[in-house]
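Notes for the one structure printed next.
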2 protein chains.
Amino acid sequence: MKNFELYNPTNLVFGKGQIAKIKTLIPADSKVLMLYGGGSIKKNGLYEQTLAALEGHEVVEFAGIEANPEYQTLLKALAVIKEEKIDFLLAVGGGSVIDGTKFLSSAALYEGDSPWDILANRIRTVKGMPFGTVLTLPATGSEMNSGAVVSRKETHEKLAMGGPGLFPQFSICDPEVVRTIPQRQLANGVADAFTHVLEQYMTYPTNAHLQDRISESIMQTLVEVAPKVIADPSNYDVAANFMWCCTMALNGLIQKGVPTDWSVHMIAHEITAHYGVDHARTLAIILPSAYHHQFDKKKEKLAQYAERVWNVTEGTVEEKAKLAIEKTEQFYQSMNIKTRLRDYTEDYEGFAGKAAQSLKDHGLAKLGEHGDITPEVAKKIIEMAY
Amino acid sequence: MKNFELYNPTNLVFGKGQIAKIKTLIPADSKVLMLYGGGSIKKNGLYEQTLAALEGHEVVEFAGIEANPEYQTLLKALAVIKEEKIDFLLAVGGGSVIDGTKFLSSAALYEGDSPWDILANRIRTVKGMPFGTVLTLPATGSEMNSGAVVSRKETHEKLAMGGPGLFPQFSICDPEVVRTIPQRQLANGVADAFTHVLEQYMTYPTNAHLQDRISESIMQTLVEVAPKVIADPSNYDVAANFMWCCTMALNGLIQKGVPTDWSVHMIAHEITAHYGVDHARTLAIILPSAYHHQFDKKKEKLAQYAERVWNVTEGTVEEKAKLAIEKTEQFYQSMNIKTRLRDYTEDYEGFAGKAAQSLKDHGLAKLGEHGDITPEVAKKIIEMAY
């Protein structure tokens, strides 16, 4: 087991009717900027519930944070924060709104020339403007971690940021929001969370037995609830298990003491940056190819995963490991998520080279748990996924 | 799944050589009281390592906190804190030293007449004196939670306290300390952590699938590492898994969203208060009787536990559930922990009645997940365990 530090001060407030607690969770004298996305919260009742819970606070609103939060949009929100002298941010949304809010938390206190530098120069945020979240879409785990990803259309960039100053002070997770989420988003949420676990688990054995078993627990539970939540998102207990799995998949716990991969994410980000494909779907495109390419280095863990998550009892390590990749691809497909780039665009020839160049340009030249996924290897993996 | 709040701001610093980080974890201008127990840290090198890491800080020492930390001893430490104007506490020890330090953290800022009231009147500590820990004995999980138990010999009392102000600011868990722990203490540690999980898990099904699986993960890992760590505590990876299981068993995570029992602990505390038997061993005495007595209400979860932790595949729910209790009792016994009160004392007649009275006196009249374990029921359970 590797050395680690586990620190996560987010107060996670989970369950029915918890939104009302916002009143006591935000300091009474704060001036709050409430941030949200395309307005789905105005249809599902969350907008009214949140405003009611904020009664007594001075509140300014900023709407329109899009999926894959866009730098230019966030600059507009930053201007509002400065003009209105905001001192508390409240994200009401999914991973994109929360990630955008994290960027703003950092940018609001950033003293450099351009806030883009936080992303481009990978500046760690030690102190940000305090913020909370009301989660509307379980998927990314952003509600209980200190990382964020921001996109910039003009340059086809999608970059990550983070730091101990970017944990939400609180996050409200009410599983009742799940019942209004469209099937497509539910499938994306399951695929996203499931892939998060795999990125932290699917490396090589390091005798971190408890971490392995907890990762397997999250995946087993997701496999169990996925068809149910997609079929009937109004089933509260199913929705609650789905939501809790998504948070636990990326709140830092299962990565402690183990090597992690994350090459699938880094390569897949290029697809979203270039084609605008949903984040979760880009993961489903890249992961099978990445695992086929890294097969020899991952086969022990692939076989363990086959046994414990997919109940594969027969076969050699190699056979189990191959079946593991197959089962994973089928799992994505069972949720109507296609796993080839050509399923999403006809214009894929030559993309692998461009993506490899982009990884190189951003200093992402040694990806994966062994640091052996160079831009050239990434190019091959993408081509295998065409 | 029940509503819950998960909040745990402890910075857990895990691994080899992490003690040196104390230097940066304690504010430079603090005056530190270093608390420890009977002096085992002077034999295993931790005393020197800790003092070396504290170089540059003003340090006062307080030794002699005993197993089941005693109120009278802690009052002496409290006097030192006040005389010496201490503003940071550092516990170097196991659960007893850490629990004692938590009491001191609370008592140091308590403004009432007698600090015993914190325990007797169950006063929740919202703000305590800041403290950190260096764990020397994996078992209680106290290094990453906000609870403590303090004993008072003169009145045969053993009472619990807690509150959000009692999380350690940091805890150093270096698995290398495990190699110097005597077999008896290692067995106690496994039994303690295992029973902690059972107290949070063994109630009734509530569709909290992920929580169930994480609890089972901890128990599976403990079953796997128990014989190995007792046979060879110098095996680092085994020691690390043992240590991490003990922390995860009681850092608050697995109790979220589920009912919890804790009646075994409450009843077992009476045995320690009366006879001074090791805490872990009192749990092993009470648990089988408690589960036999509550069999009908616990049998579904007992059967699930039999299947998933003990790989029992045959039989009815009742048969599996019975086997589950048997396997648990055998697990304690496999570590040389006896599971009857008469194995520890000849003077047990009449104790059940006294213990029941003591529970009553302390307002512990409705124990268990259904609140149906009255002092009369507790009396029966103890008699079953004679």
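The values are calculated or read from the model by the stated rules, or taken from the named source; none is laboratory data. In this text, all values refer to a predicted model and were calculated from it rather than measured experimentally. All Cβ positions, even for glycine, are placed from backbone atoms using ideal geometry, and neighbour counts span all protein chains on display.
Scan the stretch A:336-343 and tell me whether some residue there is over 23 Å from the mean Cα position of the chain (by Cα) and touching a residue at least 24 places away in the same chain (Cβ under 8 Å). Yes, the conditions are met somewhere in the stretch A:336-343.
Within the stretch A:51-73, can one find any residue that is among the polar types (S, T, N, Q) and within 14 Å of chain B (Cβ to nearest Cβ)? No, the conditions are met nowhere in the stretch A:51-73.
Checked against (1) within 14 Å of another protein chain (Cβ to nearest Cβ); (2) buried (at least 22 other Cβ atoms within 10 Å of the Cβ); (3) closer than 24 Å to B:LEU46 by Cα, B:ILE214 passes all but condition (3).
Being more than 19 Å from A:PHE14 (Cβ to Cβ) and either in a helix (DSSP H, G or I) or more than 8 Å from chain A (Cβ to nearest Cβ) (or both) is the requirement here; does B:LEU222 meet it? Here the answer is yes, as B:LEU222 does meet what is asked. The requirement of being in a helix (DSSP H, G or I), farther than 22 Å from A:ALA226 by Cα, without any contact (Cβ under 8 Å) to a residue 40 or more places away in the chain and touching an Asp or Glu at 6+ places or on another chain (Cβ under 7 Å) is not satisfied by A:ALA273. Residue-level analysis places B:THR136 among those that are at pLDDT 95 or above, under 18 Å from B:GLU66 (Cα atoms), crowded, with 24+ Cβ neighbours inside 10 Å and among the β-branched types (Val, Ile, Thr). Here is the figure for the stretch A:225-265: residues that are of a type in the set (A, V, I, L, M, F, W, C) and more than 9 Å from chain B (Cβ to nearest Cβ) total 14.
The residues of the stretch A:11-45 that are closer than 19 Å to A:ASP99 by Cα, more than 8 Å from every other protein chain (Cβ to nearest Cβ) and not in a loop (DSSP other than H, G, I, E, B), listed by number, are A:VAL32, A:LEU33, A:MET34, A:LEU35, A:SER40, A:ILE41.
Among the candidates A:GLY165, A:GLY141, A:GLY189, the residue that is touching a Lys or Arg at 6+ places or on another chain (Cβ under 7 Å) and small (Gly, Ala, Ser) is uniquely A:GLY165. Assess whether A:THR282 counts as being within 14 Å of chain B (Cβ to nearest Cβ), in contact with a His (Cβ under 8 Å, 6 or more places away or on another chain) and without any contact (Cβ under 8 Å) to a residue 60 or more places away in the chain. No; evaluated as a whole, the condition is false for this residue. Only a single item in (1) within 20 Å of A:MET144 (Cα to Cα); (2) among the aliphatic types (A, V, I, L, M); (3) touching an Asp or Glu at 6+ places or on another chain (Cβ under 8 Å) is not met by A:ALA91, and it is number (3). Assigned to a loop (DSSP other than H, G, I, E, B) and among the aliphatic types (A, V, I, L, M), is that true of A:ILE65? Yes, satisfied. Which residues, taken from the stretch B:300-339, are at negative phi and part of a loop (DSSP other than H, G, I, E, B)? Matches in the stretch B:300-339: B:VAL312, B:THR313, B:GLU314, B:THR316, B:MET335, B:ILE337, B:LYS338, B:THR339. Check whether at least one residue in the stretch A:161-174 is closer than 24 Å to B:VAL309 by Cβ and more than 15 Å from the chain's Cα centre (by Cα), and report yes or no. Looking for residues that are closer than 24 Å to B:VAL309 by Cβ and more than 15 Å from the chain's Cα centre (by Cα), one finds none in the stretch A:161-174, hence no. Could you tell me which of the residues A:ALA160, A:ALA187, A:ALA191, A:ALA148 is away from chain B (no Cβ under 14 Å), within 30 Å of A:PRO27 (Cα to Cα), buried (at least 20 other Cβ atoms within 10 Å of the Cβ) and not polar (S, T, N, Q)? Exactly one of A:ALA160, A:ALA187, A:ALA191, A:ALA148 is away from chain B (no Cβ under 14 Å), within 30 Å of A:PRO27 (Cα to Cα), buried (at least 20 other Cβ atoms within 10 Å of the Cβ) and not polar (S, T, N, Q), namely A:ALA148. If you go through the stretch A:201-211 and pick out every residue that is under 18 Å from the mean Cα position of the chain (by Cα) and either farther than 18 Å from B:GLN220 by Cβ or within 7 Å of chain B (Cβ to nearest Cβ) (or both), you end up with 1. For B:ASP117, work out the one condition from (1) loosely packed, with under 15 Cβ neighbours inside 10 Å; (2) more than 22 Å from B:PRO175 (Cα to Cα); (3) within 14 Å of chain A (Cβ to nearest Cβ) it doesn't fulfil. B:ASP117 satisfies all of (1) loosely packed, with under 15 Cβ neighbours inside 10 Å; (2) more than 22 Å from B:PRO175 (Cα to Cα); (3) within 14 Å of chain A (Cβ to nearest Cβ) except (3).
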